[in-house]
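Here the structure comes first, spelled out in structure tokens, and everything after it is commentary.
The numbers here are math on the coordinates, done by the rules we state, and not lab data. Predicted model, so just to flag it, every value in this text is computed and none were measured. Virtual Cβ from ideal backbone geometry, glycine too; neighbours counted across all protein chains shown.
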Amino acid sequence: MLLNRLLYVVILTGLAFSQYEYSLEDVNPNSATFGTNVWYPDFSDYITLHYFGTQG
Amino acid sequence: MSDFQELLHEEGYEKVIIIGIGADFLHDNFGESFTEHSILPLVLDTSPDYINFVLRGQFGATWKEVVILAADGTTILDRIVMDFDTIEPYEEQLYQVIVENYPSTSSIDYFTQIQPIFNANCTSYCHTNGGSYQGGLDLTSYENLMAGDSDHGPVIIPGDSENSILIQKLGDEPPFGDQMPQNDPSYLDPATIALITAWIDEGALPEPDEALPGDVNDDGSVNILDIVQLTNMILSDDYQELADLNGDGNLNILDIVQLVNIILGG
């Protein structure tokens with residue numbers, strides 16, 4: 001139980017202090033990379049706009 | 001044309017990506033609003049709540065907020081809390097943040113970005129070998145493209161994509177003949193046409209136009225006319241990065257001194 005809690009804290013701490021990375025599909029049909037997975041850090045020299053929406 | 005399209009087409013900001021973080025319905029409101037107005041990539045991270053919670057904590061983000069990160073992925077340039085789920089009311093604000101904080105990328109390169117489009121879609125059978133098969137229009141090189149065809153002459157008017165035959169023929173209402181490339185679904189996608197359009201509007205150059213230091217009036221040479229232009233900018237409080245020769249964020253006498261030194265130094 002204690003180990004699980006510790007593991008959870010370690011994972012969350014790691015996420016909190018690591019750089020955000022992703023491999024996500026480009027969903028803009030007007031984009032040249034539409035339908036393909038867009039990677040960070042491949043896009044590491046891109047400016048990024050992170051939109052945090054209301055969560056459902 | 002929206003601000004986001006201007007960002008890409010007129011300012012040369014190719015390296016911008018937006019990441020929607022949160023629930024699936026992002027695509028139905030914010031996502032659709034964005035894709036209507038931009039050809040920049042959009043990805044949606046619908047990770048579980050606990051992951052998104054950590055991400056919000058990482059950026060200190062509130063609900064319905066855009067956090068704009070620099071190219072290093074960590075420096076926060078700005079943040080905009082939004083009252084709406086659509087991006088439209090905030091386009092101008094986001095546009096300004098990017099323009100003020102991020103240098104635009106170089107112009108579109110014909111050799112690596114435009115010619116490959118023709119190679120993949122136009123030159124296999126038709127527009128090659130002098131273009132004899134299709135009205136004399138040969139698309140195998142920059143020189144041949146700019147020469148145009150035997151019936152119409154130039155098919156590209158540098159700086160004027162709207163009146164360039166090439167763009168007109170790629171659209172669904174060509175002024176003559178069929179839409180190109182022939183036979184749907186081989187028609188070019190909107191993003192590809194937009195790239196060619198932007199290249200023409202930039203001047204249809206064979207290579208990206210490298211700014212000449214001190215060429216304040218952008219006439220290709222550095223001389224007394226640039227000093228006049230710079231003086232006018234200073235007097236009218238018209239800041240332009242091109243004229244900020246010492247890069248201190250201001251246009252003043254120090255920039256004139258630097259410009260004079262450039263001219264005297266040849």
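The table that follows gives values for the structure above.
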{"item": "DSSP-assigned coil residues among GluC sites (Glu not before Pro) in segment B:168-259, each with at most 15 further Cβ atoms within 10 Å", "result": "B:E210"}
{"item": "Built amide H within the under 5 Å cut-off of B:D149, gap 5+", "result": "B:V155"}
{"item": "Around B:N232: net Lys/Arg minus Asp/Glu count, Cβ-Cβ under 13 Å", "result": "-4"}
{"item": "For B:I234, B:I18, B:I165, order by how many other beta-carbon atoms lie within 10 Å, fewest first", "result": "B:I234, B:I165, B:I18"}
{"item": "Neighbouring partner chain Cβ atoms per residue of B:73-83, average, 10 Å criterion", "result": "2"}
{"item": "10 Å Cβ neighbours from other chains, averaged over peptide B:53-60", "result": "4"}
{"item": "Burial ordering of B:L259, B:L242, fewest other beta-carbon atoms within 10 Å first", "result": "B:L242, B:L259"}
{"item": "Footprinting exposure proxy for A:Y20, B:Y125 (fewest neighbouring C-beta atoms within 10 Å first)", "result": "B:Y125, A:Y20"}
{"item": "Per-selection metrics, segment B:138-252 (Cα): Rg and Dmax in Å", "result": "19.6, 58"}
